[in-house]
1. Relative to the present Cα-Cα distance, how much length would full extension add between Ser131 and Ala112 at 0.36 nm per residue of separation?
2. What value in Å³ per residue do you get for the convex hull of the alpha-carbon atoms in the chain?
3. What FRET efficiency, computed as 1/(1 + (r/R0)^6) with R0 = 25 Å and r the Cβ-Cβ distance, is obtained for Ala14 and Lys76, rounded to the nearest 0.05?
4. Treat each spin label as a single point 7 Å out from the Cα along the C-beta direction, and report the Arg23 to Arg51 distance in nm.
5. Can you work out the FRET efficiency for the pair Asn58 and Arg123, with r the C-beta to C-beta distance and R0 = 30 Å, to the nearest 0.05?
6. When only the heavy atoms of the protein chains count and the probe is 1.4 Å, how do Arg123, Arg77, Arg89 rank by accessible area, highest first?
7. For Val28, what residues show an amide H to amide H distance below 5 Å, using hydrogens built from the backbone and excluding near sequence neighbours?
8. For the pair Glu37 and Glu95, what calculated FRET efficiency results from E = 1/(1 + (r/R0)^6), where r is the Cβ-Cβ distance and R0 = 25 Å, to the nearest 0.05?
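The values are calculated or read from the model by the stated rules, or taken from the named source; none is laboratory data. The shown structure was predicted, so the numbers you read here are calculated from the model rather than taken from an experiment. Positions of Cβ are generated from backbone atoms using ideal geometry, with glycine treated the same way; all protein chains shown enter the neighbour counts. Keep in mind that these areas ignore ligands, DNA and RNA; they rest on the heavy atoms of the full protein, side chains included. Shrake-Rupley method; radii C 1.70, N 1.55, O 1.52, S 1.80 Å.
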Amino acid sequence: TIDSAAKAHKMNEAWANAGHKHRLNVFVQVNTSGEEEKGGVEKGDVVQVARSIRESCNGLNLLGLMTIGSVEGSHKRPNPDFLALVKLRDQIKAELGGDELELSMGMSDDFAHALELGSTNVRVGSSIFGSRMPKSTTAL
């Protein structure tokens, strides 16, 4: 995922320097909840980052937007973080045109609701593999 225009430009340059002839699919990670501990582009900057990728990064293909919403929002219906991502996708389409962007939102506990709101990608690893061990116990 890409979380800034600067990172997109660095990725674009690295991709080209590696000699790849096809475009790399990327998602812009959006901090829909505004939580400081979460990564991602602030909602107000998403269109600018998308524009930068589309106009200046010819080795990248903006495939979609992704979010990891807040825990509090995951219990609400409709989920405000999912609604924010849908709105941002629609805003990019209106302002920049182009292909419909995919949405990556929803995890093991709320993926069904994410699909109802238009998610095209979900992350359900803990439903399949179980919960992750805390980082402190996984370090060697």
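1. Net length gain for the segment: 5.0 nm.
2. Dividing the Cα hull volume of the chain by its residue count gives 142 Å³.
3. 0.05
4. That separation, rounded to one decimal, is 1.9 nm.
5. 0.55
6. From most accessible down to least: Arg77, Arg123, Arg89.
7. Ile2, Gly64, Leu65, Met66
8. 0.25
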